[in-house]
1. So how far, in whole Å, is the C-alpha centre of the stretch 56-129 from the one of the stretch 1-24?
2. For residue 271 paired with residue 52, estimate the spin-label separation in nm (one decimal), with each label point 7 Å from Cα along the Cα-to-Cβ line.
3. Take the Cβ-Cβ distance between residue 221 and residue 197 as r, set R0 to 22 Å, and report the resulting FRET efficiency rounded to the nearest 0.05.
4. Kirkwood Rh, Cα Rg: Rg to Rh for the stretch 137-199?
5. Grab the beta carbon distance between residue 115 and residue 95, set R0 = 25 Å, and tell me the FRET efficiency rounded to 0.05.
6. Mind pulling up the Rg/Rh value for the stretch 1-57? Radius of gyration and Kirkwood radius, both on Cα.
7. State in Å² the accessible area per residue of the chain; use a 1.4 Å probe, count heavy atoms of protein chains only, and round to the nearest integer.
8. Which value in deg cm²/dmol, rounded to the nearest 500, describes the helix-derived mean residue ellipticity at 222 nm for the chain, given -39,500 (n - 2.57) per DSSP H run of n ≥ 4 and division by the residue count?
Amino acid sequence: MTAKKVEIVVSPKPAHFVGDGFRVHNFIPGVHGLDMKRMDPFIMLDYNSKFHFNGSERPRGVGVHPHRGFETVTIAYQGKVEHHDSAGGGGIIGEGDVQWMTAAKGVLHKEYHETEWSKKGGIFQMVQLWVNLPAKNKMSCPKYQAIENSAMERVNLGENGLVEIIAGEYSGHKGPAETFTPLNMMNAKLKAGGKAEFSFPANFNTAALVIEGSITVNGEQKAAADHLVLFKNEGETFSIEAHEDSIVLIISGEPINEPIYPHGPFVMNSREEIMQAFEDYNTGKFGYLED
C-alpha cells in the first residue's frame, strides 16, 4: 500500500448562523476545492465549533423544513439536540451520540437545543454532514437511526488512545450505522503523543476534521483545531499523531459518480426532479409536522 498524501489543509471560514441555534463554519461545499462533486458522497459539512449559548426558556434551533434525496448526520461533541420529523423519527442526542436521518423521498423535520439543556445553556459543539443517496435510493422510505455513544464500536489503541466507529470499518471492527453506499465515519480520540493509522481505497474521498487539539499528518503536515485536512485521491494509508489530547473526525466514502443537482433543501439528479420535489412539498406529500 502507498501513502495517501495531503492535498490541502483548510482553515475555517467565518461562522454564520443556521436558524438561531447553530453557529457553523461551512467546509463543504463552501470552500474552494471542497465542492459536492469533489467530496461525493459528502455533499455538505457544517461545523459548529465551540460556542457558548446563554440559557433560554425557548430552545434555539431550526424550525420545520423539508429535505429530499440525501441523509443528514448530526454528531454531538458538546451540548444536546432534540429532533423530530414527519416520518415519526426523533429523539435527543447528547455528548458522543449521533442522529442519522435518511430523508430519501421526503420528510419535514426540525432540530432544537434540548429543552433542559437550553434552560441552563453552555458550550455547544457539533458537526452536521449531508450524505448523498444514489438515484436508486433517493425515493426510498425515510428512516431514522439514533446511535448512542455506547453502541459505537471502539478499537483500543492502548497508550495512543482509541478509535470510535460510527459507520464503516476500522481494523476489522464495524460501526453501527447502516449506509446505502460504502463510507467510513469515525472519531480518533488520541492522547498527547498518540498515533493512529488509517487505510481507505485510493478513490474514496477522504478528509479529517480536527475537533480538539492539534495533529501532524504523515509526519509532515500540521493541522490545528477547527481545521480540515483533505487527502488526495491516490494511495491508501495515512497516519495522524496528536501533539496534545485530540479528537479528529475521519470521513471517507466511495463517490457515487452520478449527476448532483442541489436546490436548497433538496439534492436530486436533475432539474426536473427538483421541480417535482417542490411540487410534492407544496401539495403536502412530505407529511405534516407541527412547528
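1. Cα centroid to Cα centroid, the span is 20 Å.
2. Placing both labels 7 Å along Cα→Cβ, they lie 5.0 nm apart.
3. 0.90
4. On the way: Rg = 13.8 Å, Rh = 12.9 Å.
With Rg and the Kirkwood Rh in hand, the quotient comes to 1.07.
5. Approximately 0.90, to the nearest 0.05.
6. 1.11
7. Here the per-residue accessible area is 43 Å².
8. On the way: 3 runs with 22 residues, N = 291.
Theoretical 222 nm ellipticity from helices: -2000 deg cm²/dmol.
The values are calculated or read from the model by the stated rules, or taken from the named source; none is laboratory data. Not measured: the values here are computed from a predicted model. Here the Cβ is made from the backbone with ideal geometry for all residues, glycine too, and neighbour counts use every protein chain on show. What goes into the accessible areas is simple: the full protein's heavy atoms, side chains included, and nothing from ligands, DNA or RNA. Shrake-Rupley method; radii C 1.70, N 1.55, O 1.52, S 1.80 Å.
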